[in-house]
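Inspection log for the structure reproduced underneath, given as structure tokens.
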Amino acid sequence: MSVVERIGPDQVPLLARRYFAAGDPGPIVGALAQVPELLVVAVPLLGAALGPSAIDWRTKEIVIVRTSALAGCRYCVQAHTVVALDAGLSRQEVVALRAEGSAAEVFDSPREVALLGWIEEVAGGGPIDDASRVVMGRHWADHEIVELTMVIGVTLMLNRFATALALPTSPDTLDRLAAEGLL
Amino acid sequence: MSIGAAVAHGRLPGRVWMYSNYHCNLACTYCLTESAPAVARRELPPTAMIEIGRQARDLGFTDLGVTGGETFLMPAMPELLAELATILPVVALTNGTLFNHRLLARVEPLAGLPVALQISLDHPDPETNDEMRAPRNFRKVATAVPELVRRGVTVRIATTVESLDKTTLERLCTLHRGWGVPDCDHVIRPIVRRGRAATYGLGVRAGQPELPAELTITAEGAFWSPFAPTVRDGKPDTDLLITRTTRPLSVPAHALLRLIEARPPGEDSTLNIR
Ligand code: SF4
């Protein structure tokens, strides 16, 4: 059960109203609306880091699902399993990203294998091996490494937020996961 | 635009309101904050209020307001008002029922300072007045106001009503004039349908478009107007919350100014309530 009460449609704070204008904005924005001045800076950051950008959609979803699985975030794994499938990842790839242990064997692109190693290092905490930096540098441009690392960091932030507050997965997502046999 | 310039150009009202507390010795039927003796107090400590007052002055605000709950249930209220008056002129709202000899002696030093006590009185007939507020409310107010005026303390009378006919208004004004409160210090305002007033279906609906934007600070955040940080069924309303951050005061002040500037032209407050 979530520890914070969901703000009802008649209680949306002034600065948060535009995020609710098109209907329920989901549990993350719904929770952040409790502190509107955080919401108005967090949403653009989340949008820039996790939304469309120079990094293609498939790659972003690899980062988000894998990072969330390593962080043990039920909410983000479930929500982004659906998004990853929509982004064109195969069911087998998504299952591998969500699983414990190495996901790399399902992926054959050297760039993606390097990225998966990088995610393990960054999301795992502790010092980062120079060898991983070298491997990443071989396959990804500097600006891509910066952005991908930021995506891992922002995902981890959301992972802890969603896990700590026990944010509920939306019924639509649960229905889709059930239909895909991925609940 | 700076806050000072916005205030100077009339874009932003000059008064910053502070809710000192939410509890009250009364439990009026139209109370916005569902105040009563045993409710959550939601107190703003005096040190915080002084800090907010100083920051308000430094930003360019021109006046302070203190409201509640019953403000004089806060033990240090007379001394706090004297201190706030050294920063900016203050109006403090009170139900006027707690002014016994001891409290009168403690508020006496407010005479001559830029402090006004705004006391509620809704009807010239004691029974009708007390029905909305509390038994013997009229008698207590009728005793306190002349005593305060006699001591040189500035008193304003606030009348909160659904409607008031001309004869009743004239009788009310005769009363306050007789106590030494001039017409310019008598404010009449509508009941706003929030808090307990909403529970009883009283008053006029008031949201952001109808309420004048006056920065209002409570223990739980900064709000659009002093009519905004209301309580319904024991829960604080957040529909007119601006920010949870109250200090530095520049954070909610600039957020409020941005909200005012984002309003479509012509969309301004329609309720003349202060
Ligand atoms: S309206 Fe004022 S006097 Fe009446 S209960 Fe509320 S705070 Fe107290």
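The values are calculated or read from the model by the stated rules, or taken from the named source; none is laboratory data. Because the structure is a prediction, the values reported are computed rather than measured. Heads up: the accessible areas ignore ligands, DNA and RNA and are worked out on the full protein's heavy atoms, side chains in. Shrake-Rupley method; radii C 1.70, N 1.55, O 1.52, S 1.80 Å.
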Review point. Chain pair A, B: how much accessible area is buried, both chains summed, with a 1.4 Å probe, in Å² to 100?
Key: 1100
Practice item. Inverting the mean 1/r over all pairs of different Cα atoms, compute the Kirkwood radius of chain A and quote it in Å. Key: 17.3
Check your understanding: Each residue of region B:31-36 in order: what ³J(HN,Hα) in whole Hz does its phi give by Karplus 6.51 cos²θ - 1.76 cosθ + 1.60, θ = phi - 60°, with x for Gly and Pro?
Key -> 4, 5, 9, 6, 5, 5
Practice item. Could you pull out every residue, at least 5 positions away or on a different chain, whose amide H is within less than 5 Å of the one on B:VAL66? Hs are placed 1.01 Å off N in the peptide plane, and Pro or chain starts have none. Key: B:MET18, B:VAL91, B:ALA92, B:LEU93
Point to revise | 25 °C / 0.890 mPa s Stokes-Einstein diffusion coefficient of region B:163-274, Kirkwood radius on C-alpha pairs, µm²/s | key: 153
Check your understanding: Just how many % of Cα pairs in region A:108-178 lie over 18 Å apart, if you round to the nearest whole percent?
Key -> 51
Exercise for review: Collect residues whose amide H, placed 1.01 Å from N in the peptide plane, falls under 5 Å from the amide H of B:ASN25; neighbours closer than 5 in sequence don't count.
Suggested key: B:GLU70
Check your understanding: For B:LYS140, which lysines qualify as cross-link partners when the Cα separation must be under 28 Å and same-chain residues fewer than eight apart are set aside?
Key -> B:LYS166
**Study point:** Alpha-carbon Rg/Rh ratio, for the protein assembly as shown, with Rh computed the Kirkwood way
**Key:** 1.13
Point to revise | Whole-Å semi-axes of the ellipsoid equivalent to region A:8-50 (Cα gyration tensor, √5λ, descending) | key: 17, 11, 8
Exercise for review: Starting at the first residue of region A:39-55, write each ³J(HN,Hα) from the Karplus equation 6.51 cos²θ - 1.76 cosθ + 1.60 with θ = phi - 60°, in whole Hz, x for Gly and Pro.
Suggested key: 4, 5, 9, 6, 4, x, 5, 4, x, 5, 7, 9, x, x, 6, 5, 7
Practice item. Kindly sort B:CYS184, B:CYS28 by accessible area of their heavy atoms, largest first, with the probe set to 1.4 Å. Key: B:CYS184, B:CYS28
Check your understanding: Where Rh is the Kirkwood radius over the Cα pairs of region B:21-163, the temperature 20 °C and the viscosity 1.002 mPa s, what D in µm²/s does Stokes-Einstein return?
Key -> 137
Revision key, fill the gap. Under Stokes-Einstein, chain B at 37 °C and 0.692 mPa s, with its Kirkwood radius over C-alpha pairs, diffuses with a coefficient in µm²/s of 174
Review point. In square angstrom, what is the accessible area per residue of chain B with a 1.4 angstrom probe?
Key: 41
Review point. For the protein assembly as shown, what does -39500 (n - 2.57) per DSSP helix run (n ≥ 4), summed and divided by total residues, give at 222 nm, in deg cm²/dmol to the nearest 500?
Key: -13500 deg cm²/dmol
Practice item. Could you work out how far helix B:166-178 tilts from the main Cα principal axis of chain B, as a 0 to 90 degree angle to the nearest 10? Key: 80
Practice item. Using only C-alpha atoms and all pairs of different ones, pull out the Kirkwood radius for region A:1-85 in Å with one decimal. Key: 14.2
**Study point:** Alpha-carbon centroid distance for the pair region B:122-161 / region A:1-23, whole angstrom
**Key:** 40
Point to revise | Reduction of at least 50 Å² in accessible surface, 1.4 Å probe, comparing all protein chains with the chain by itself, residues of region A:1-36 | key: A:GLN11, A:LEU14, A:LEU15
Practice item. Calculate what fraction, in whole %, of the accessible area of region A:57-179 sits on carbon and sulfur atoms when a 1.4 Å probe is rolled over the protein chains. Key: 58
